[in-house]
Amino acid sequence: MALSRVGKILRSSGWRIVTRPDVLYNRWLNERELAARAEFVRSAPSKIEIEITNRCNLSCRHCIRSKPGFEAWLGDISLDDFQKLLRQFPRTLTLTLTGFGEMMVHPRFLDIVASARQILPHANILGYTNGLLINQTVDAEDLVRSGIGQVHFSLDAATAETYQTVRCSPKFDQVIAAIRSVLDARRRLHSSRPFVGINFTMMNENFREAPDYVRLGAELGVDYIARPALIMTAWGYADGAKRITKAEMVDVLLQTRRAAEETRAPMALDGYMRDPADYFAHYDDNRKESFRTCFFLWNHIQIDPFGNLKLCCAHPAASIHSWGNLLETPFSEIWNSERLRTARRSLVRGIPPARACVETCLRPDPEFAD
């Protein structure tokens, strides 16, 4: 069984959260304002992402870096700027330290985590990693001691051959060893954190390995196995799933579900995993309306290493879109600025709030062969 959202938060921060009724109230209010699609938002985002670096040590085929013509300003956030940003969000419940860079590339990664834990002792602090720098520049025991609550490893493969194809690296075995190392360090130190998860983005070259990905996660003993993700084109991968038919995808997802049930893997079986055939029978119509359920104008905001408030996870670069810079203008002034209020009004009326939204959320994604 997959651990609940509340369970993840408690495992990350312990019971400190119960000493912060203001944080819990803000979360409650934020959920209601999101449901009401409020134009003026009194709550602060309960989820934020501060991309501490957008540099990476890999060049994965499905990353936005692979998109022709993509440009971004690359760099690391300073510890002072990180603290300045974080102090603008005292009621944050979940803090993510990763965008489209590798968080452990940051030369002060462990200091960043320690600072985040000091400023937000109640928060669920997490990050995504390819794992290749664990026990290279970041010791597994130091990672466990750092205070980070969740570490999610991006696998995208169940075999070394497919990992090489998709992630352009021969180091699949090193990643698996890193996962084992963190789990072993956690046991040695008698620590309940970090919660360890794995992720898988489905593409032409890897989608048939989704069932084995689940079996691998169960064998490793990770705490969480993310459902195979269906986001394949907006991140730059040349043709996404265009060589996969919906029938093939349904078959693979049913096999993946059976693998999860047979191994009792900690993976959620809701959404498209509940009934893949029914989901894909209405796929095109549902996806064309998906932008109406966008939550990035109310919660889960994303900030780049230079303080820019970005559009969303599908367009994770300020060179594509930015609502403003939080190192220059306080978040409290940007959050209900005329630009953001206009964007919320547009979304409620069924109008994409930004040009970049058209590229992702007004067309089925992924696009299939049929």
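The values are calculated or read from the model by the stated rules, or taken from the named source; none is laboratory data. Everything quoted here is computed from the prediction, not taken from an experiment. Every residue, glycine among them, receives a Cβ derived from its backbone with ideal geometry; neighbour counts consider all protein chains shown. In case anyone asks, the SASA skips ligands and DNA or RNA and just uses the protein heavy atoms, side chains included. Shrake-Rupley method; radii C 1.70, N 1.55, O 1.52, S 1.80 Å.
So what is the accessible area of the chain per residue, in Å², with the probe set to 1.4 Å? Write down the numbers at each step before the final one.
On the way: 15890 Å² over 370 residues.
With the other protein chains kept in place, the chain gives 43 Å² per residue.
Over all other residues within a Cβ to Cβ distance under 15 Å of residue 112, the charged ones net out to -3, with Lys and Arg as +1 and Asp and Glu as -1.
Just to confirm a number: summing +1 for Lys and Arg and -1 for Asp and Glu over residues other than residue 310 whose beta-carbon lies under 10 angstrom from that of residue 310, what do you get? List each step's numbers first, then the result.
Details: positive: none; negative: 49, 51, 304.
Residues close to residue 310 contribute a combined charge of -3.
Between residue 173 and residue 212, full extension at 0.36 nm per residue minus the direct alpha carbon distance yields a gain of 12.5 nm. Only the Cβ atoms of Lys and Arg (+1) and of Asp and Glu (-1) were treated as charged; on that basis the dipole of segment 23-174 about its Cα centre amounts to roughly 460 debye. Among 164, 133, 217, pick out the residue whose Cα is farthest towards the positive end of the charge dipole of segment 110-218, where Lys and Arg carry +1 and Asp and Glu carry -1 on C-beta, about the Cα centre. The Cα lying farthest towards the positive end belongs to 217.
How big is the dipole moment of the chain about its Cα centre under a simple scheme where the beta carbon of each Lys and Arg is +1, that of each Asp and Glu is -1, and everything else is neutral? Debye, nearest 20, please.
On the way: 48 positive and 43 negative charges, 208 e Å.
Computed charge dipole of the chain: roughly 1000 debye.
For the chain, what class follows from the C-alpha gyration tensor (a ≥ b ≥ c being the square roots of its eigenvalues): rounded when a/c is under 1.5, otherwise prolate if a/b is larger than b/c, else oblate?
Values: a/c = 1.42, a/b = 1.08, b/c = 1.32.
Rounded.
Other residues whose C-beta falls under 12 angstrom from the C-beta of residue 345 contribute a net charge of +3, scoring Lys and Arg +1 and Asp and Glu -1.
Computed from backbone phi, the HN-Hα couplings of segment 88-99 come to 7, 10, x, 9, 5, 9, 10, 10, 9, 9, 10, x Hz, rounded to whole numbers (Karplus: 6.51 cos²θ - 1.76 cosθ + 1.60, θ = phi - 60°; Gly and Pro given as x). Peptides 194-204, 214-224 ordered by packing proxy, namely the average of other Cβ atoms within 10 Å per residue, highest first: 194-204, 214-224. By the Cβ distance rule of under 4.7 Å, the chain has these cysteines without a partner: 56, 168, 294, 312, 313, 357, 361.
Share of carbon and sulfur in the accessible area of segment 122-207 stands at 45%, probe radius 1.4 Å.
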